[in-house]
Amino acid sequence: MKEDVFLKRFMAFLISIMLLLFFAGCGSEQTLPETERSLFAMNTYMTFTAYGEHAQAALNESEALIKRLEALLSVTDEESEIYRANHSSGQTVSVSQETAELISFALEMSKKTGGALDPTIYPVLTAWGFTTDSKQVPSPEQIAELLQNVGYSRIRLEGTSLTIPEGMELDLGAVGKGYTADLVTEVLKAHGVASAIISLGGNIQAIGSRPDGSDWRIGVRAPWEEGNLGVLEISDAAVVTSGGYENYFEDADGNLYWHILDPSTGSPANSGLQAVTIIGKEGRLCDALSTALFVMGAEQAEAYWRENGGFDMLLITEENEIILTEGIADRFTLREGREETVRVLGS
């Protein structure tokens, strides 16, 4: 059941990307050999298209890397380092350097975003059923009880020694795919691949430009609709989107509940945003911020961008206003026939 849902979302996404790549490539001459790969890992479908003489070897190594990271980071695999730490009854455990690096990054981003990103929210997410096929609205009392064991600042990491207090659980899903994309990018570049595009469950990572030197064209989905709102043209960058429409359910009264929870309330984030797309050099940063800024809302997201910089963003509000940062203002094209208002944030 769950894989069927992922497959439908994956196929819709893949078709939009294929169409964009087809039209972008019309009239250009392909000179580099193309290698494609797809797999199911980290609970999502992944696709890879790489160009160059050593692309096959690069993708072989990348696939092995992804499987190794999944074995380390899975929150459900009893053999993983995260599962072992979560079920250690508060005892300190030793983790790999890769796992420690990602935990350190997640905790740093939690602090920088004032807890809008919190990797210890997993038990509350489970209570809502978003990690299973049985979704429901938990009682206020149940949420309040679970929130007592949510709080990133209580996680202790010293080198590769990790301590998770008893009753708490750590889940790196909000940064894991972005981190993986960064490491895969390193592998591809080490093999001399200068042109590639990868999708890890919708987390897009573009290595360089298209083989003909033009930008990659990435479709930005229209929230709660089929089809694209517009197109982003990018090169050598990550593009990560978070939106309530990605995983949600409706109760008997027609109320919608989505999977992006506000760690301060334990309920779906009601921030006035429909979707957040982050564009930057690092996949892990884009991954973390797409979730955190969705929780924050447009005003706080703008304040965070002005204070920290280092990325661009595209926000879609509940009023269907599109807010762009100036770095991508000339790289986003609204699809013909769309009537959304576009506002650009300047420095």
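The values are calculated or read from the model by the stated rules, or taken from the named source; none is laboratory data. Owing to the predicted nature of the structure, the values given are computational and were not obtained by experimental measurement. In case anyone asks, the SASA skips ligands and DNA or RNA and just uses the protein heavy atoms, side chains included. Shrake-Rupley method; radii C 1.70, N 1.55, O 1.52, S 1.80 Å.
Between amide H atoms placed 1.01 Å from N, distances below 5 Å from Ala237 occur with Ala206, Gly208, all of them 5 or more places distant or on a separate chain.
Using 25 Å as the Cα-Cα cut-off, could you pick out the over-long pairs in Lys111/Lys189; Lys67/Lys189; Lys67/Lys111; Lys112/Lys281; Lys189/Lys281; Lys67/Lys281?
Among Lys111/Lys189; Lys67/Lys189; Lys67/Lys111; Lys112/Lys281; Lys189/Lys281; Lys67/Lys281, the Cα-Cα distance tops 25 Å for Lys111/Lys189; Lys67/Lys111.
Show me the helices of the chain, taken as full DSSP H stretches, that run 18 Å or more along their long axis by Cα and average 1.0 or above in Kyte-Doolittle hydropathy. The partial results should precede the final answer.
Values: long enough: 2-25 (34 Å, 1.38); 55-73 (26 Å, 0.31); 97-112 (22 Å, -0.23); 173-190 (26 Å, 0.38); 283-296 (19 Å, 1.18).
Flagged H segments are 2-25, 283-296.
Find the accessible area per residue for the chain; the probe is 1.4 Å, ligands and nucleic acids are left out, and the unit is Å². Display every interim value, and only then the final one.
On the way: 15790 Å² over 347 residues.
That works out to 46 Å² for each residue.
Let me check against my output: what whole-number percent is the relative contact order of segment 251-341, with C-alpha pairs under 8 Å and at least 6 apart? If you can, show how the numbers build up before the last one.
Working: 107 pairs, mean separation 21.9, N = 91.
Reported as a whole number, the value is 24 percent.
May I ask you to give the percent of accessible area on the chain that is carbon plus sulfur, with a probe radius of 1.4 Å? Result for the chain: 48 percent of the exposed heavy-atom area is carbon or sulfur.
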